Amino acid sequence: MIYLEIATKLVIGLAGLLAVTRLLGKKEMSQVTPFDFIYALVLGGILEEGIYDEKVSIWQILFAICLWGISVYIIEICAQKSDRMKKLLKGHPSLIIRNGELDIKQMKKNHLEIEQVRTMLRKQGVFTLREVRDLYLEPGGDIS
């Protein structure tokens, strides 16, 4: 009987997670911000805690997933309407190279080393820093 309950919780929880994820919108992995990563981790944690705890019912799992999804949705709407909220939640790009000059303060602020910058540039097909006029570190960790 316990296995049937775990299986039911897992299937219903997975359906709830998929529904919340679809409602919150499509994003490429490169567009995922730290906030997006956190809400995904918390959703997984909610499901994980509820599956094996016999005291947690299926309805409690669904309630928690729905409440978390609604909360994240409201935060996303607020971030779309307010630039301050957007910067707070989603972050903003950092200018690492400005007019061909490395900005050491921005590199330290973003915990970057020169080799990490070079590696990211090589992945973009740029093999020397002299080729770069401006380099932005995007909130998701990509460069442009």
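The values are calculated or read from the model by the stated rules, or taken from the named source; none is laboratory data. Note that this is a predicted model, so its numbers are computed, not measured. Reconstructed Cβ throughout: ideal geometry from the backbone, glycine too, with neighbour counts over all protein chains shown.
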_I'd like the full set of residues that are closer than 18 Å to residue 93 by Cα, loosely packed, with under 11 Cβ neighbours inside 10 Å and of a type outside the set (Asp, Glu), limited to segment 110-129._
111
*helices (runs of 4 or more DSSP H) completely within segment 22-119 that count 3 or more residues being at pLDDT 80 or above and within 25 Å of residue 133 (Cβ to Cβ)*: 104-109
*Those residues of segment 38-62 which are among the hydrophobic types (A, V, I, L, M, F, W, C), surrounded by 15 or more Cβ atoms within 10 Å (Cβ to Cβ) and either over 26 Å from residue 90 (Cα atoms) or touching an Asp or Glu at 6+ places or on another chain (Cβ under 7 Å) (or both), in sequence order*: 51, 56, 58, 61, 62
*Tell me, which residue of segment 72-96 that is of a type in the set (Gly, Ala, Ser) and over 27 Å from residue 113 (Cα atoms) is farthest from the chain's Cα centre (by Cα)?*
82
